[in-house]
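Below: the structure, in structure tokens.
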Amino acid sequence: MTKVNTLWNPSPEFVDQSHLRDYQSWLDKKKGLSFPDYQSLWQWSIDHVADFWESLWEYFDIISHSPYQKVLSGTMPEAKWFEGATLNYAEHVFRRRNDQQPAIIFASEKYDIHEFSWEEMQSQVASMAAFLKAKGVKKGDRVAAFLPNIPEATYAFLAAASIGATWSSCSPDFGANSVADRFSQIEPKVLFACDGYTYNGKPHDKTLIVKELCEKLPSVERLIIIPYLDAERSAAFINESPDLPGAVLWNDTFRTGQSIQFEPVPFDHPIYVLYSSGTTGIPKAITHSHGGNLLEHLKYLHFHNDVHPGERFFWFSTTGWMMWNFVNASFLAGATVVLFEGSPGFPNLSRLWKFAEEARINHFGTSAPFLTACMKKGLQPGATFDLTHLRSIGSTGAPLPPEAFEWVYESVKKDLWLCSMAGGTDICTAWVGGCPTRPVIKGEIQCRCLGACLEAWNEAGDPVTGEVGELIVTQPMPSMPIFFWGDENHARYKASYFEMYPGVWRHGDWIEVTENDGLIIHGRSDATLNRGGVRIGTAEIYNAVNKVDAVKDSLIVNLELAGGRDYMPLFVLLNENEQLDDGLKKKIRTTLRSEYSPRHVPDAIIEVPDIPYTISGKKLEAPVKKILMGKSVEKAANKDSMRNPGSLEFFISFKRNVVGNV
């Protein structure tokens, strides 16, 4: 077995106090099932799928207003779960009300840290739910939101869920066309919107975009404005815009003394619609269910994040990323939800670490690129801030480089639990993630999550260990989408996940199941570099280049050319005051060759002014490749879904001036 670098081992007390250990004890006592280790428990969970998910129903004491007839019927992609049961996700949030702790802690670039009580949250949610019902919103209607990551967004979501309406949100840094492409698919009856937001210390007025959205969304009957930037200007905006549909300010909807009620809905009733990145076309409207997300979020937050009542759970996100839905799910574990609105790098990269100290955060969630950026900047958060309360760090959004694993333990805190995870918008959770009873090994995600029958398959369709393969899931999970909104006969849904292997979910990631039964993500399989017949994951390139201090970020593609040739350029964004001279190029090539192989060495290294990303933080490898292969930028990428659409101009010019001469 390959020698491993163990960075953390859970103490006996940590293990004994974990929800996972409690669940194992419960299985032993209630079901007569005993498992010597996590791996055997996971194996049971995927060999006895219905029994596992039914055990969670019992263990978490799900509030159901009518009984289910059967746990699971059918197979992917037509699997049905807990048919006959009626429940409500929001009801399970408010069953955890604890007036001894805040419901929400919030801070932003604009506002200092503030705590919101459970009483205030319940009052706001009850009032908004009553307002929506009074305006004709009923079970099954869609409610959309164009909002920053503020408490009102959480209140509005819970209000919609409580009455059985279906929620969908986008962050206000999206362009009007990008938002309309998403919301027009679901035809919302109500639109929540803000007057603007702040980012990098600058206010961004969005009132004209809101007006444009109302014009592009004729289904909207009621506009509710949250004056985040300026209350007076928001009121004036409504008064001066008589064509806005039923426009009203948030505070003008509030009525005291409303009691909160929960509409029982079928297990598979839509709770929210999330969207694929939409970089190359209309985003997929991925629709999730009340029951599926309830069971999955209870499972993950308890067993794989080990969140306990009274703890403070934070994940840096916008309302346009599935992690916003996930952080709000921590209510289900009795946690205080911690929100931050603004740039994680303003006024500098220490901002969120300072926030962790101020808010006494127990579980700090962020993206792999953020941790990598802190590492490359040489930050020492553990020495700079009081992180006594910090118990875990969560990382997702991209593969976390092995060096960033080490940096967390060297520079943040030696005795914390690093929970790298990977999943996606498609399931609004993770396939692979943390395990409180197993060690953290450098560069590896700890485990396959309970109930996730995940394997790495080679080109022959055989499961493999110790080598890279397609991320495959062979058993259904309740949090898989119930459908794509407006997708007739599930054609687009089936094409997205089940086209390569009928009846088997292909996720689109390269993954490796290690000899330790850990996991390594090697990047998107649709961005794989096929170099001389050898497949190379882009994550391998980035892991190596990350070790070169002068390089801030990078992107690589491999272009298949006429005559069986290929061309693999590496594009690098340098840190300030760095130059891409022959010495730096040699260092990059030597690092790639020594870390991996000569095949990983690019044909050219090119400096770029910026690396293109989606608003949700995904690197645009495939669209860049399409541009360099000759597709128009309009067909290769959707600029409205990008964080920095101007970054594509370099690649358009590079195609015209360089690639054509290769």
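Restricting to the chain, what percent of DSSP beta bridges are antiparallel, rounded to 5?
Values: 55 of 96 bridges.
Taking every DSSP beta bridge within the chain, about 55 percent pair in antiparallel fashion.
Work out how much length VAL15 to GLU459 would gain on full extension: take 0.36 nm times their residue separation and subtract the Cα-Cα distance, in nm to one decimal.
Values: separation 444, 0.36 × 444 = 159.84 nm, distance 3.87 nm.
Result: 156.0 nm gained on full extension.
Which lysines does LYS202 reach when only Cα atoms under 20 Å apart count, and residues fewer than 8 places away in its own chain are ignored?
Once the sequence-local lysines are set aside, what remains near LYS202 is LYS110.
Suppose every K and R has +1 on its Cβ and every D and E has -1 on its Cβ; what is the size of the dipole of region 272-376 about the Cα centre, in Debye to the nearest 20?
Working: 7 positive and 6 negative charges, 40 e Å.
That gives region 272-376 a dipole magnitude of about 200 debye.
Once label points are set 7 Å from the Cα along Cα→Cβ at both ASN98 and TYR111, what is their separation, rounded to one decimal in nm?
That separation, rounded to one decimal, is 2.3 nm.
Heavy atoms only, probe 1.4 Å: what % of the accessible area of the chain goes to carbon and sulfur, would you let me know?
On the way: 11620 of 25190 Å².
Looking at the chain in its full context, I get 46 percent from C and S.
To the nearest 10 square angstrom, how much accessible area does ASP415 have with a 1.4 angstrom probe?
Solvent-accessible area, nearest 10 Å²: 110 Å².
Determine which aspartates and glutamates satisfy two conditions relative to LYS494: a Cα distance under 14 Å, and not lying fewer than 8 residues away in the same chain.
Within reach: GLU78, ASP426.
Given a cut-off of 32 Å, name the pairs among LYS133/LYS206; LYS547/LYS635; LYS138/LYS206; LYS586/LYS625; LYS587/LYS625 whose C-alpha atoms lie farther apart than that in the structure shown. Don't skip to the end; give the middle numbers.
Values: LYS133/LYS206 27 Å; LYS547/LYS635 34 Å; LYS138/LYS206 29 Å; LYS586/LYS625 24 Å; LYS587/LYS625 25 Å.
In this structure, LYS547/LYS635 exceed 32 Å between Cα atoms.
What value does the chain have for Rg/Rh, both radii from Cα atoms and Rh as Kirkwood defines it?
On the way: Rg = 24.3 Å, Rh = 25.7 Å.
Reported Rg/Rh, Kirkwood definition of Rh: 0.95.
Enumerate the lysines that LYS299 could reach by cross-link, defined here as Cα to Cα under 23 Å, with residues fewer than 8 away along the same chain left out.
LYS29, LYS30, LYS31, LYS70, LYS80
Suppose R0 equals 25 Å. What FRET efficiency, 1/(1 + (r/R0)^6) with r the Cβ-Cβ distance, do GLU120 and ASP173 give to the nearest 0.05? Don't skip to the end; give the middle numbers.
Values: r = 28 Å, r/R0 = 1.10.
Here the calculated transfer efficiency is 0.35.
Which of the cysteines found in the chain have nothing to pair with, since no other Cys Cβ lies under 4.7 Å from theirs?
CYS170, CYS194, CYS214, CYS374, CYS419, CYS428, CYS449, CYS453
Accessible area of PHE262, 1.4 Å probe, to the nearest 10 Å²?
My reading of the accessible area for PHE262 is about 50 Å².
Per residue, how much accessible area does the chain show when a 1.4 Å probe rolls over the protein heavy atoms, in square angstrom? Kindly include the intermediate steps, with their values, before the conclusion.
Values: 25190 Å² over 662 residues.
Per-residue accessible area for the chain comes out at 38 Å².
Report the paramagnetic label zone for LEU580: residues of region 630-662 whose backbone N is under 20 Å from a point 7 Å from Cα along the Cα-to-Cβ axis.
630, 644-662
Return the percentage of antiparallel bridges among DSSP beta bridges fully within region 539-637, rounded to the nearest 5 %. Could you put the intermediate results ahead of the total?
Working: 8 of 12 bridges.
Among the beta bridges of region 539-637, antiparallel pairing accounts for roughly 65 percent.
By per-residue mean of other Cβ atoms within 10 Å, what is the highest-first order of 505-511, 577-583? If you can, show how the numbers build up before the last one.
Working: 505-511: 22.3, 577-583: 10.6.
So the order, starting with the most tightly packed, is 505-511, 577-583.
In region 484-574, what GluC sites (Glu not before Pro) fall in a loop by DSSP, with at most 13 other Cβ atoms inside 10 Å?
Values: sites: GLU488, GLU499, GLU512, GLU515, GLU540, GLU560; in loops: GLU499, GLU515.
Listed in order of number, the matching sites are GLU499, GLU515.
Quote to one decimal, in nm, the extra length available between ASP230 and ASP610 on full extension: 0.36 nm per residue of separation minus the C-alpha distance between them.
Values: separation 380, 0.36 × 380 = 136.80 nm, distance 3.27 nm.
Separation in residues times 0.36 nm, less the Cα-Cα distance, equals 133.5 nm.
For the pair HIS389 and SER594, how long in nm is the line joining their label points, each one 7 Å along Cα→Cβ?
4.3 nm
So which GluC sites (Glu not before Pro) in region 385-465 pass both tests, a DSSP loop state and at most 11 other Cβ atoms within 10 Å of the Cβ? Walk me through the numbers on the way to the answer.
Details: sites: GLU403, GLU406, GLU410, GLU444, GLU455, GLU459; in loops: GLU444, GLU459.
In loop regions of region 385-465 (DSSP not H, G, I, E or B), the sparsely surrounded GluC sites (Glu not before Pro) are GLU459.
Rounded to the nearest 500 deg cm²/dmol, what is the calculated helix-only ellipticity per residue at 222 nm for the chain, with -39500 (n - 2.57) per DSSP H run of length n ≥ 4?
On the way: 22 runs with 192 residues, N = 662.
Rounded to the nearest 500, it is -8000 deg cm²/dmol.
The values are calculated or read from the model by the stated rules, or taken from the named source; none is laboratory data. No experiment lies behind these values; they were computed from the predicted model shown. A quick note on method: Cβ atoms are made from the backbone with ideal geometry, for glycine too, and the neighbour counts reach across all protein chains shown. When the accessible area is computed, the model is the full protein with side chains, heavy atoms only, and any ligands, DNA or RNA have been set aside. Shrake-Rupley method; radii C 1.70, N 1.55, O 1.52, S 1.80 Å.
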